[in-house]
Structure formats: structure tokens, C-alpha cells
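Below is one structure; the comments refer to it alone.
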Amino acid sequence: MIRFCCEHCGRKISVQDKHAGKRGKCPECGTLIVIPTKSTVFTFQCQNCERKISVPKTHAGKKVQCPNCKERFIVPAVDIDVSPETQSPLPDRKFSTGALTLLDVPKEYRLKDQPAGQTSESEKATVSELELEEEQPKGEESIGERKLPWYIDIFLYPTSPSGLIHLLIFVAIPLLIDIIGTLMGPLGIGVGLLGFLLNVLIGLYLCWFITECVRDSAKGGTRAPEVFAMSDLGDMWSQALHIIGCYLILLGPFVFYHIFTGKTNVIFWLLLAFAAFFFPMGLLACIMFDSIRGLNPILLISSIFSTFVQYIWLVLLIVAIILAFSALPDLEPGNAQRSPGQRPQPPGILTLIVGWIFNGLYIYIAFVIAHLIGRFYWRHQEKLNWEV
């Protein structure tokens, strides 16, 4: 277990050793921090009152005061190599490999007793500056820990301020373009052309944000990341190509077969099963490797077999979510009322608004699925062994 303090707010955090070097959000202040490769906080006992105290390792050798009994002492040194190969002979000196106590402090480091009420000015400054806090194990939280049951928490992933703002962007701007074009009637051709270009840019931005959701979830994020258009157009286009390429290679055969034949035979179901089975792992590999080469069949097959049971649960969960929301188009105004073969009427403003609300639900679910795919990497990265 790696234990360290947030360098921004001082919150004590503990994570598993396998997450060393990764990024995560502080559970207290929400600041993005990098997990150190080893613990930067150590625990020892006050020799006078036996109170457990935890401090950053940078306090080693400095004068401090026990928060319980007010005994003054020097924080013992840490990170001393005592392996048989490197240990030098020291007379009657033992070092603890676990929690340090004041018995580990050499005599020359102990503070000399002074009459009550007499403290040097330098010591007063040191004591006030490095006032220790009692260790609070209940306050330690692991990065990536959920506060609610997972089957509820996954659907709250897009509810961060950033997630809701992005959802509004992806819904409101296209809706506004359609409403203006509808109100202008035949004069809305120019608006339609401009709207098409804006929709392309928004589509690129959507692809970029989905990749950020996957990457952030792969680092332990439980809510949509606080990122806003930090990439240029070229980067967004590159991220879009990863998703589009993954879609065309894995889902393309099923989509094209359905469009051109309209049949639901054995070939249709086999292509659908192929797409549903390989798409989550393929998308995850493309995003984490930042390359379409992530669709390497050998990589995908070996990754699926190394996490077979867990991956099957992921696929079934994603399919269940998609099926649950696939009935939404039947609820849109006009779809249930229009008889087969009836010519569709030009959409009114109310119809446009309701339609884009449903589009917002689809995008919301896309964020949830992106989170599930990234979370899969967070939980099983050791089995995948991608070394991303």
C-alpha cells in the first residue's frame, strides 16, 4: 500500500502499489495528482504517550511536538538501507522495518530537557510550523473508490460539472442550428451549410471527449473529467479517427449488411455478435495505445482470454444498457402515430426539441459506456499487461 499526502490540501491518501505513477483526483480537493512510486508518509509512536503519529518523510530530522502529550522530539530518520549487502557495522544499533518509534532515534537527536516555559526562538518557529496531526485512518480514501453501489454510481458518471456542460454543448448547439434553419424556411439553406460544418466540429469534439472519459476512467476516475477543449483540431481529428476506424472495422460489416440486404438471417446475427463481442476491447485498445494498431487481432484475442470472465460481464452489461435504451425512439413524437408508408411531415420546433432531448440521452449513455470500458482497464490492467 502506498500512503502519501495531497500536496495541495494535505489529505492523507492510500492506494494499492500497482497504481504507482498513475494520475488521480484527490478525494478532498479534487485536484489532479500523481501517485508516487513509494509511500511518502510514515508512522511512528511517541515514546511518552505511545500515540501513533503519521508525518511526511520530509519531516525526518526536524523538531516537532506530539499533538497529544506535547512532548518535543526530533522525527526519526527513514529510508535507511539495512540490507545485508549494504549494512555497515554499527554498535548496538537496531533499525525497525515497520512502524518507527522514538527508540529508533539516536541520543544525539533527542532534544535536551529545558526548564518549563523556556524554548528557543528557533525551536518555537519549528514547532509551530510542523505541528503534527493525529493519524486518522478513517479519513484515508483510495483513488477510484465509489461512494455509492456500482450499479447506481456508473449512471451518475456524466453528472460532474464538466460532464453536464459538455452534454449541454452537444445537445444545445445542434438544436439551436435546427431551430434557426426551420424558422428561416427556404432562406435557411445557408444556415444549413454552416450548421453542417458546426455539427462536424461538434462530432469531432464529442469523439475527443469520449476518449478522455475512457482515459480518465482507466486512471480511476468515477465522474466525467474536468477538461475543456484542451486539444487542437488535429488532435480531435486523430481521436475521432480512432473511434471511426474502430467502428468501421468492427461494426461496419454488420451495419452495411443490414443496410444493403435488410435481412435478419444467420449472417446478420453472426455479424452482430462479432461486433458486440470485440468492440469494447477494440475501442479500449485504440484509445489506450492512441493508435488504430490497437485493433491487432493477436492483441485483442490474447487480452480477451486473459480477462475472459470479467470481459464477458462487461459485454453483457453494455449490451443490456443499449437494449434498455433502444426502445427510446418508439417514444419520440410522431414515430408511434405515423402509420407504415405514411410520408413524414416536416419537423416542428417542438418535435425538434423532443428529438434532441432523446439525442442527449443517447450521448449520456455513451458517456456511461465509455466509463465502463475505461473502468475495465482500471480494474484488470495487470491481467491485460499492456504497459500503457
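A simple rule links phi to the HN-Hα coupling: the Karplus curve 6.51 cos²θ - 1.76 cosθ + 1.60 with θ = phi - 60°, which for the stretch 239-256 gives 5, 5, 4, 4, 5, 5, x, 4, 5, 5, 6, 8, 9, x, x, 5, 5, 5 Hz, with x for Gly and Pro.
Among 302-309, 255-262, the peptide with the highest mean count of other Cβ atoms within 10 Å heads the list, and the full ranking is 302-309, 255-262.
Compared with the alpha-carbon gap, the fully stretched path from Glu145 to Thr264 is longer by 38.6 nm at 0.36 nm per residue. Phi-derived couplings, Karplus 6.51 cos²θ - 1.76 cosθ + 1.60 at θ = phi - 60°, listed residue by residue for the stretch 303-320: 5, 5, 5, 6, 10, 4, 5, 5, 5, 4, 5, 4, 4, 4, 5, 5, 4, 4 Hz, with x used for Gly and Pro.
Using Cα pairs under 8 angstrom and six or more residues apart, how large is the relative contact order of the stretch 1-62, in percent? All intermediate terms of the calculation are to be shown ahead of the outcome.
Numbers: 98 pairs, mean separation 17.5, N = 62.
It rounds to 28 percent for the stretch 1-62.
Under 5 Å from the amide H of Phe42 lie the amide H atoms of Val55, Lys57, each residue being 5 or more positions distant or on a separate chain, with H modelled from the backbone and absent for Pro and chain starts. Rounded to the nearest Hz, the phi-derived 3J(HN,Hα) couplings of the stretch 23-40 under the Karplus curve 6.51 cos²θ - 1.76 cosθ + 1.60 (θ = phi - 60°) are 9, x, 9, 5, x, 8, 9, x, 6, 6, 10, 9, 6, x, 6, 8, 4, 10, where x marks glycine and proline.
Which of the pairs Lys25/Lys63; Lys12/Lys57; Lys38/Lys147; Lys12/Lys383; Lys12/Lys52 have their Cα atoms more than 21 Å apart in this structure? Table pairs above 21 Å Cα-Cα are Lys25/Lys63; Lys38/Lys147; Lys12/Lys383.
In plain terms, the residue of Ile373, Ile244 with the fewest other Cβ atoms within 10 Å comes first and the most crowded comes last, giving Ile244, Ile373. Taking amide H atoms as placed 1.01 Å from N in the peptide plane, the amide H of Arg11 lies under 5 Å from those of Cys6, each 5 or more residues away in sequence or on another chain.
Just so you know, all these numbers are worked out from the coordinates, no wet-lab data involved. Model, not experiment: these values are computed from the prediction. Cβ coordinates were reconstructed from backbone atoms using ideal geometry, including for glycine residues, and neighbour counts include every protein chain displayed.
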